[in-house]
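One structure is given below, encoded as structure tokens.
The values are calculated or read from the model by the stated rules, or taken from the named source; none is laboratory data. This structure is a prediction, so every number in the text was calculated from the model and none was measured. Every residue, glycine as well, gets a Cβ built from its backbone with ideal geometry; the counts of neighbours run over all protein chains shown. All accessible areas refer to the heavy atoms of the entire protein, side chains included, with ligands and DNA or RNA removed. Shrake-Rupley method; radii C 1.70, N 1.55, O 1.52, S 1.80 Å.
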Amino acid sequence: MRLSRFAALSSSLLLGAVLALTGAGAAQAAETAALDYVALGDSYSSGVGSGSYDSASGDCKRSTKAYPVLWKNANAPSSFAFTACSGARTGDVTANQLGPLSAATDLVSITIGGNDAGFADVMTTCVLQSEATCINRVNQAKAYVDTTLPGKLDSVYDAIRSKAPAAHVVVLGYPRFYQLNGGCIAGLSENERSAINNASDYLNAATAKRAADHGFTFASVVPAFTGHEICSSSSWLHSVNWLNIGESYHPTAAGQSGGYLPSLNGVL
């Protein structure tokens, strides 16, 4: 990890003694125990869709099964702040979520941009209206990603770097939502599913570019979710749920633990 406190510890005699006496496992424990971790973002980071919500988080719906909490439980960092919130857009992150960041912060994770690009409206349009209207709405979202979203991401990323200048910042993307030619026998057409998948790829590519330009690490979750999309035999994503519409098109608990958590670990 490119984390400030670990860099300091790794050069110390104390960590050298730990390595000599107890091996790499203890070194890893010393590394993560020294971390200050802040988890930011939207519903994909807060854990909407995975259940087990912290009642104190209110409408933000922060889940004990969300990947930031799972990472915290597995690694026991010295401090952990979880401010991700359902429905968050870029402006919500800068206005409401950055309080825990400081010069001492070592690790930051974030998912953001999907709500700015109108993901919820895209899916509502595609579920309720015609194929042509759906694809037109997808194209509108892609145009927004081209023209407007980069500047909004820059604003968030600049604010994170300003408040946490030494942190390793990991920007996680979004999954593809559908397994094409899969087991779904009703619902959207294959053209609609393909257009939505392409839009997700489009958003991920734009986000990855802005993250790289700020010196942040982009973690794609597409490989982890491959084979677990909607219409697969083992989906880690909710399809439309009329009884709990807010969980529609969000990762299940398995999507958080099997998709997002390994993707974060893979870049640390």
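Scan region 194-210 residue by residue and report those that are open to solvent by 50 Å² or more (accessible area, probe 1.4 Å) and either touching a helix residue (DSSP H, G or I) at 6+ places or on another chain (Cβ under 6 Å) or farther than 16 Å from Asp116 by Cα (or both). Hits for region 194-210 are Asn198, Tyr202, Lys209. Restricted to region 32-91, and to residues there that are charged (D, E, K, R) and in a helix (DSSP H, G or I), the residue that is surrounded by the most Cβ atoms within 10 Å (Cβ to Cβ) is Lys72. Scanning region 223-268 for residues that are without any contact (Cβ under 8 Å) to a residue 60 or more places away in the chain, open to solvent by less than 20 Å² (accessible area, probe 1.4 Å) and in a helix (DSSP H, G or I) yields one hit, Phe225. Here Pro165 fulfils each of the conditions (1) touching a strand residue (DSSP E or B) at 6+ places or on another chain (Cβ under 9 Å); (2) open to solvent by 60 Å² or more (accessible area, probe 1.4 Å); (3) under 30 Å from Leu35 (Cβ atoms) apart from (1). Residues in region 92-113 that are open to solvent by 10 Å² or more (accessible area, probe 1.4 Å), over 12 Å from Ile160 (Cα atoms) and of a type in the set (A, V, I, L, M): 1 in all.
Take Ala199 and tell me if it is part of a helix (DSSP H, G or I) and either within 17 Å of the chain's Cα centre (by Cα) or touching a residue at least 12 places away in the same chain (Cβ under 8 Å) (or both). Yes, satisfied.
Selection of first residues in region 87-113 that are among the polar types (S, T, N, Q) and of second residues that are open to solvent by 40 Å² or more (accessible area, probe 1.4 Å) and not in a loop (DSSP other than H, G, I, E, B), restricted to Cβ pairs under 7 Å at least 6 apart or on distinct chains, gives the following pairs, ordered by first then second residue: Thr90/Lys152; Thr90/Ser155; Thr94/Ser155; Ser102/Lys163.
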